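The values are calculated or read from the model by the stated rules, or taken from the named source; none is laboratory data. This one's a predicted model, so the numbers in the text were calculated from it and none came from an experiment. Note that each Cβ is placed from the backbone with ideal geometry, even for glycine, and that neighbours are counted across all protein chains shown. These area figures cover heavy atoms from the full protein model, side chains too; ligands, DNA and RNA do not enter into them. Shrake-Rupley method; radii C 1.70, N 1.55, O 1.52, S 1.80 Å.
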Amino acid sequence: MVTVLWGGGDSVLSRSAAVHDEQLASRAFCRKFCNLVKSGCVSPELKMTGAISPQASRHAITGAGLSAVASAKADIRKSKTSRWRAAALMTLNLFMIAHIIQWRVMGKTISPIEPSETMQTIQGGFVNAGFIFFSLAILATLIFGRFVCGWGCHILALQDLCGWLLKKMGLHPKPFRSRLLVYVPLIAALYMFVWPTAYRLFHNPENAPLIPKFTNHLVTTNFWQTFPSVAVAIPFLFVCGFVTVYFLGQKGFCTYACPYGGFFGLADKLSPGKIRVTPACNQCGHCTATCTSNVMVHAEVKQYGMVVDPGCMKCMDCVSVCPNDALYFGFGKPTILVPKSNALKRSYSLTWPEEVVGALVFLGSLLAVRGVYALVPFLMALGCAAATTFLTLKMWRLIRARELSFYRFNLKSAGKLRKAGWAFAIFACCWIGLNAHSGWIRYHEFLGNFAFQKIHVPDELALAQVNPARWLNSTERENILEGKKHYDAASRAGLFVNSEALPKLAWFEYLLGNAEQSIQLLGQAASYQKDESKALSLYYRGAILNRLGRYEEARPSLDQALAERDDLILARQEKGESLWQLGRHDEAVAVWTDAVRHNARLALVNNELAGAARSLGKLEEASAHEKQADQFTPDNPFYHWMLGHRLQDLGMTELAEKHFRQAEQLRAGNEMPHGR
Ligand code: SF4
Ligand code: SF4
């Protein structure tokens, strides 16, 4: 009897199960080969006997013939290279830990040796260690094939560890085989590394150079800047490790999610370095049974004389276990120059309609999960989407099939849901439900962000007075109300706080005249944020408090902003204003002087220094600052109006009058309001 794991009951395996007198192959061999067929696996009874017919295997594997399956009775020997690979991956992880410790102790280190860092190079021209590593790894792959994944990837190490743990629990990860989803890694790689430049080619309003100016970023003090927080990294590793391995197979993440693998797989097709075969091969199949990348080694070497599957990570396990020492790593023709054969038929887990539905589910899940709550990074979203696709399709099967199993668990039998089936259904519904909920949140966050992007009122102008409502026309007001509505909906239904949406919601509130609410939201945002974004939230909070005349409260907020980012000059400008208003004029002048030392072009601060010098009778000094300010003041009535208001608030009326006059002169009939 055959229990169907995935696919219809008319699989070659089920047809052949009746041929009991030919049940000869070894248990390990059977377990592996049943992964290759559409139905996925044989029944537990069949597994126990280790039985599979040579005829069945023949169809399942090549559709052409595998003569020696029946003779594969003896146990497959253990791979000697797997130990070396495990040692290499452990060393890699230790090296990573040492790298982080060294940074924590010394405060400065080599930038992360992570391929994702290449995005910084492409977009900003920052030449970092990750870019150099990724470039060298691709060059090496072009010669030696895809070995970096197998011997130097920490996510693969995690997947291997998860696979090993599952096997210890008696669960052997089964590969999920899709025709369409295998293109995800390459598409993701193009999106990450090619799309930003392509986008700049067609949409470049700021005329940024297509190839940015390269600068040296090999050493960094902010090692963790581009990485998710530890609270996100843990579920990230759980999803990319355990979840993908359990549902999609030992190399589930590599096959359906890893963008770097997309490029490595492409480079592998061009490389002359391959696993090749000698005439000593007798098609015993031990190599295929051992390969954790689900490569049909024996069939490929028979057909092409080498392994052509770009999923081969050159782990050398197949070479090590071959009883005839028929395999070796050697150089010759690359895959791209070898004519493709139709003799080698692959089997897939999905029918074509399921493939299409699966691709749509994947896309929907990716859009729903990516960036939700400003927490889920792209790679994690890819891993989640792959798992969601599997669970959705499997649930569909669970509803429709009469017989269904998963690993050794019988989910459904004679049309009746078993205990394991209920457990699976509950888990799948929770997972899919969480995805749908994330999609709902993401939808509101997206529309909130969209409304935020459409705000045209410059920050300086809005911050010139407490209530900036005068600068909003009815369309802008409606847009802000709409954006606020979406952010409110996302925050009401959300499971986590979105620390990036909070300051935007705060800005909506401020523009609508709710300064108090805005201050509270900015404080809340800062408590979840770090580095630059935290500094900015604290700065805006301080600035609004200054406008409200709450200088004592503004000062600590601005001090905290500067503690986060010492180079945030605007926070110095505001801090100077708080101090001036509190009567601590000398300290204010010192802070403003410090600000212009960092940036001599600051029009407002130079005006403030001019006003301060005037009030102390230092007219020469005042005139020098005024000249400097005028040199960098744009000929814009709004800007002059803003300067006038800020200076008027500080009691620097003479200078304020000057700018109000200039604003009036430049107004020339535009929508700027009359008066002050
Ligand atoms: S390469 Fe070696 S392990 Fe693989 S089928 Fe041939 S003889 Fe068997
Ligand atoms: S084909 Fe061989 S070398 Fe390639 S991944 Fe499989 S076992 Fe490793």
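With respect to (1) surrounded by 23 or more Cβ atoms within 10 Å (Cβ to Cβ); (2) within 16 Å of Gly332 (Cα to Cα), the lone exception for Lys269 is condition (1).
Taking the residues in segment 308-367 that are among the polar types (S, T, N, Q) and within 16 Å of ligand 2 (Cβ to nearest atom) as candidates, determine which candidate is farthest from Leu393 (Cα to Cα). Give the derivation first.
Residues of segment 308-367 that are among the polar types (S, T, N, Q), as a first pass: 320, 324, 335, 341-342, 347, 349, 351, 365.
Applying the additional criterion that residues be within 16 Å of ligand 2 (Cβ to nearest atom) yields 320, 324, 335.
Details: Ser320: 37, Asn324: 41, Thr335: 33 Å.
Going through the qualifying residues, I end up with Asn324.
Going by the structure shown, is Ser79 assigned to a helix (DSSP H, G or I) and open to solvent by less than 60 Å² (accessible area, probe 1.4 Å)? No; evaluated as a whole, the condition is false for this residue. Answer with yes or no whether Lys302 is more than 16 Å from ligand 2 (Cβ to nearest atom), open to solvent by 50 Å² or more (accessible area, probe 1.4 Å) and of a type in the set (D, E, K, R). Criteria not met by Lys302.
Taking segment 370-389 as the search range and keeping residues that are part of a loop (DSSP other than H, G, I, E, B) and aliphatic (A, V, I, L, M), which one is nearest to Ala425 (Cα to Cα)?
Val376
Kindly establish whether Asn294 is surrounded by fewer than 19 Cβ atoms within 10 Å (Cβ to Cβ) and either in contact (Cβ under 8 Å) with a residue 24 or more places away in the chain or within 13 Å of Gly311 (Cβ to Cβ) (or both). Here the answer is no, as Asn294 does not meet what is asked.
Counting only residues that are of a type in the set (Lys, Arg) and either over 27 Å from Thr197 (Cα atoms) or at pLDDT below 95 (or both), which one in segment 124-173 is surrounded by the fewest Cβ atoms within 10 Å (Cβ to Cβ)? If we take residues in segment 124-173 being of a type in the set (Lys, Arg) and either over 27 Å from Thr197 (Cα atoms) or at pLDDT below 95 (or both), then Lys168 is surrounded by the fewest Cβ atoms within 10 Å (Cβ to Cβ). Within the span defined as segment 231-246, one or more residues are more than 30 Å from Lys314 (Cα to Cα), more than 16 Å from ligand 1 (Cβ to nearest atom), at pLDDT below 95 and open to solvent by 30 Å² or more (accessible area, probe 1.4 Å).
When segment 305-340 is limited to residues that are of a type in the set (Val, Ile, Thr) and within 13 Å of ligand 1 (Cβ to nearest atom), the one that is surrounded by the most Cβ atoms within 10 Å (Cβ to Cβ) turns out to be Val307.
Let's see how each residue does on (1) closer than 17 Å to Leu558 by Cβ; (2) of a type in the set (A, V, I, L, M); (3) in contact (Cβ under 8 Å) with a residue 12 or more places away in the chain:
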site: Arg584; (1), (2), (3): yes, no, no
site: Ala588; (1), (2), (3): yes, yes, yes
site: Thr593; (1), (2), (3): yes, no, yes
site: Ala612; (1), (2), (3): no, yes, yes
site: Glu626; (1), (2), (3): no, no, yes
site: Arg646; (1), (2), (3): yes, no, yes
site: Met652; (1), (2), (3): no, yes, yes
site: His659; (1), (2), (3): no, no, yes
site: Leu666; (1), (2), (3): no, yes, yes
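Apart from one condition, Leu344 fits all of (1) in a helix (DSSP H, G or I); (2) more than 23 Å from the chain's Cα centre (by Cα); the exception is (1).
Would you say Lys302 is in contact with a strand residue (DSSP E or B) (Cβ under 6 Å, 6 or more places away or on another chain), basic (Lys, Arg), touching a residue at least 60 places away in the same chain (Cβ under 8 Å) and within 16 Å of ligand 1 (Cβ to nearest atom)? Taking the combined requirement at face value, the residue does not satisfy it. Tallying residues that are surrounded by 21 or more Cβ atoms within 10 Å (Cβ to Cβ), in contact with a Leu (Cβ under 6 Å, 6 or more places away or on another chain) and aliphatic (A, V, I, L, M) within segment 387-427 yields 2. Of the candidates Thr288, Thr278, the single residue that is open to solvent by less than 20 Å² (accessible area, probe 1.4 Å), polar (S, T, N, Q) and within 15 Å of ligand 1 (Cβ to nearest atom) is Thr288. Scan segment 430-442 for residues that are out of contact with any helix residue (DSSP H, G or I) (no Cβ under 8 Å at 6 or more places or on another chain) and open to solvent by 70 Å² or more (accessible area, probe 1.4 Å) and the total you get is 2. Of all the numbered requirements in (1) among the hydrophobic types (A, V, I, L, M, F, W, C); (2) touching a Ser or Thr at 6+ places or on another chain (Cβ under 8 Å); (3) surrounded by 19 or more Cβ atoms within 10 Å (Cβ to Cβ); (4) in contact (Cβ under 8 Å) with a residue 60 or more places away in the chain, Ala343 misses one, and that requirement is (3). Does at least one position in segment 245-258 carry a residue that is among the aliphatic types (A, V, I, L, M), farther than 20 Å from Leu337 by Cα, within 16 Å of ligand 2 (Cβ to nearest atom) and out of contact with any Pro (no Cβ under 9 Å at 6 or more places or on another chain)? No, because not a single residue in segment 245-258 is among the aliphatic types (A, V, I, L, M), farther than 20 Å from Leu337 by Cα, within 16 Å of ligand 2 (Cβ to nearest atom) and out of contact with any Pro (no Cβ under 9 Å at 6 or more places or on another chain). Identify the residue in segment 539-596 that is of a type in the set (Gly, Ala, Ser) and assigned to a loop (DSSP other than H, G, I, E, B) and, among all such residues, is least open to solvent (accessible area, probe 1.4 Å). By that ranking, first place goes to Gly549.
Among residues of segment 371-388 that are in contact (Cβ under 8 Å) with a residue 40 or more places away in the chain, those with a Cβ under 8 angstrom from a residue that is part of a helix (DSSP H, G or I) and of a type in the set (Lys, Arg), sequence gap 6+ or separate chain, pair up as Gly371/Arg442; Val372/Arg442.
Okay, residues lined up against (1) within 30 Å of Ala493 (Cα to Cα); (2) more than 21 Å from the chain's Cα centre (by Cα):
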residue	(1), (2)
Tyr348	no, yes
Gly364	yes, no
Ala386	yes, no
Leu393	yes, yes
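In segment 275-299, how many residues are aliphatic (A, V, I, L, M) and more than 13 Å from ligand 2 (Cβ to nearest atom)? Before you say what the answer is, go through the steps one by one.
Looking only at segment 275-299, we keep the residues that are aliphatic (A, V, I, L, M), and these are 275, 277, 280, 289, 295-297, 299.
From what is left, the residues that are more than 13 Å from ligand 2 (Cβ to nearest atom) are 280.
Residues meeting the conditions: 1.
All conditions in (1) in a loop (DSSP other than H, G, I, E, B); (2) over 47 Å from the mean Cα position of the chain (by Cα) hold for Asp635, with the sole exception of (2). Taking segment 447-471 as the range and being open to solvent by less than 60 Å² (accessible area, probe 1.4 Å), outside any helix (DSSP H, G or I) and at pLDDT below 90 as the test, the residues that pass are Gln465, Val466. Pairs are defined by a Cβ separation below 8 Å, a sequence spacing of at least 6 or placement on different chains, a first member in segment 190-203 that is over 21 Å from Phe264 (Cα atoms), and a second member that is of a type in the set (A, V, I, L, M); the pairs so defined are Arg200/Ala208; Arg200/Leu210; Leu201/Leu210. Once segment 154-192 is narrowed to residues that are among the small types (Gly, Ala, Ser) and outside any helix (DSSP H, G or I), the residue that is farthest from Phe134 (Cα to Cα) is Gly170.
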